[in-house]
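Working notes for the structure below.
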Ligand SMILES: NC(=O)c1ccc[n+]([C@@H]2O[C@H](COP(=O)([O-])OP(=O)(O)OC[C@H]3O[C@@H](n4cnc5c(N)ncnc54)[C@H](O)[C@@H]3O)[C@@H](O)[C@H]2O)c1
């Protein structure tokens, strides 16, 4: 299958760490001109060095995705510089734990402001350009928590459910311009967001027991999906939530298969 992205322009948010950093580097390796946004300036400087080694055009902007004026300014700058925006990946996101009985308004607001409002603001900003082109790919990070939440994740799971439903509503609006909008639900990819691999072994095993493939996800798994969704090969996919979680809870007790197989 030919996934040709060469010459396209992609905006990716939350690129300083974790999955977003991998997404932007994978797109760059595919010949995409990358526009990388993060709130953390220091991480952007080290990313710049890595992108220079990969080659191709790339530009980074310090940006808090909650800041609509800043996003519009960046999008205008990118349009003036490159004349197009083909791909938008809304990866920036934060967690926020707490039982509802104890959950602070600050945690609630942080999750919804960054995860949901940030996604809405960037989508709104790129739409005039994608409509002008009569083509665009919008790809939003939801979470497996949008499908089945874990106890203590009301703010995060609620926000990621909102990202999913926002994405579907958006897909419904932009079809006439040949713009697709999809969300993806990563399962368990160890990053600074979750510190999965730093937990004690019993806790790691408890989490791995929920996965049909019983191994941690890799950042590259997500980056490869994003490349596919950005490509012409995915032209007929829109308004969907793609579960990329190693079959998290695909069956009620995934661990049973490993016990039957004598693999534990
Ligand atoms: N890692 C997983 O297993 C997993 C599972 C489900 C969903 N996700 C989602 O995938 C996305 C990436 O997760 P990750 O694990 O790589 O997280 P991470 O914490 O490693 O990286 C998040 C990045 O977003 C940036 N960021 C945070 N707030 C920002 C803001 N206001 N404006 C701009 N940038 C901001 C951070 O600086 C950081 O570079 C998130 O949306 C997350 O909810 C991840």
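The values are calculated or read from the model by the stated rules, or taken from the named source; none is laboratory data. Since the structure is predicted, the reported quantities are computational estimates derived from the model, not experimental observations. A quick note on method: Cβ atoms are made from the backbone with ideal geometry, for glycine too, and the neighbour counts reach across all protein chains shown.
Among the residues making up the range 20-43, those that are over 22 Å from residue 67 (Cβ atoms) and in contact with a strand residue (DSSP E or B) (Cβ under 9 Å, 6 or more places away or on another chain) are 25, 27, 28, 32, 33.
Here is a yes/no grid of residues against (1) more than 28 Å from residue 178 (Cα to Cα); (2) at pLDDT 95 or above; (3) under 18 Å from the mean Cα position of the chain (by Cα); (4) within 16 Å of the ligand (Cβ to nearest atom):
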site	(1), (2), (3), (4)
54	yes, yes, no, no
83	no, yes, no, no
114	no, yes, yes, yes
138	no, yes, yes, yes
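Taken together, the criteria exclude residue 79 from residues that are within 19 Å of the chain's Cα centre (by Cα) and farther than 17 Å from residue 15 by Cα.
Number of residues in the range 27-50 that are closer than 28 Å to residue 117 by Cβ and under 19 Å from the mean Cα position of the chain (by Cα): the value is 14.
Taking the criterion of being more than 11 Å from residue 12 (Cβ to Cβ), within 15 Å of the ligand (Cβ to nearest atom) and buried (at least 16 other Cβ atoms within 10 Å of the Cβ), the residues of the range 25-50 that qualify are 39, 43, 44. Would you check if there is a residue in the range 205-220 being assigned to a helix (DSSP H, G or I), touching a residue at least 24 places away in the same chain (Cβ under 8 Å) and within 13 Å of the ligand (Cβ to nearest atom)? Checked the range 205-220: at least one residue is assigned to a helix (DSSP H, G or I), touching a residue at least 24 places away in the same chain (Cβ under 8 Å) and within 13 Å of the ligand (Cβ to nearest atom). Within the range 151-174, the only residue that satisfies the criterion of being outside any helix (DSSP H, G or I) and within 11 Å of the ligand (Cβ to nearest atom) is 153.
Give me a count of the residues in the range 175-196 that are in a loop (DSSP other than H, G, I, E, B) and either under 15 Å from the mean Cα position of the chain (by Cα) or more than 22 Å from residue 86 (Cα to Cα) (or both). Outline the logic, then answer.
At the first step, the residues of the range 175-196 found to be in a loop (DSSP other than H, G, I, E, B) are 178, 187-195.
Next, only the ones that are either under 15 Å from the mean Cα position of the chain (by Cα) or more than 22 Å from residue 86 (Cα to Cα) (or both) stay: 187-195.
Going through the range 175-196 one residue at a time, the tally reaches 9.
Scanning the range 225-238 for residues that are surrounded by fewer than 17 Cβ atoms within 10 Å (Cβ to Cβ) and within 18 Å of the chain's Cα centre (by Cα) turns up 228, 237.
Of the residues that make up the range 181-194, is at least one away from the ligand (no atom under 11 Å from the Cβ) and either farther than 24 Å from residue 259 by Cα or modelled with pLDDT of 95 or more (or both)?
Keep residues of the range 181-194 that are away from the ligand (no atom under 11 Å from the Cβ), which gives 181-182.
After this cut, where a residue has to be either farther than 24 Å from residue 259 by Cα or modelled with pLDDT of 95 or more (or both) as well, the list is 181-182.
Checking the range 181-194: at least one residue is away from the ligand (no atom under 11 Å from the Cβ) and either farther than 24 Å from residue 259 by Cα or modelled with pLDDT of 95 or more (or both).
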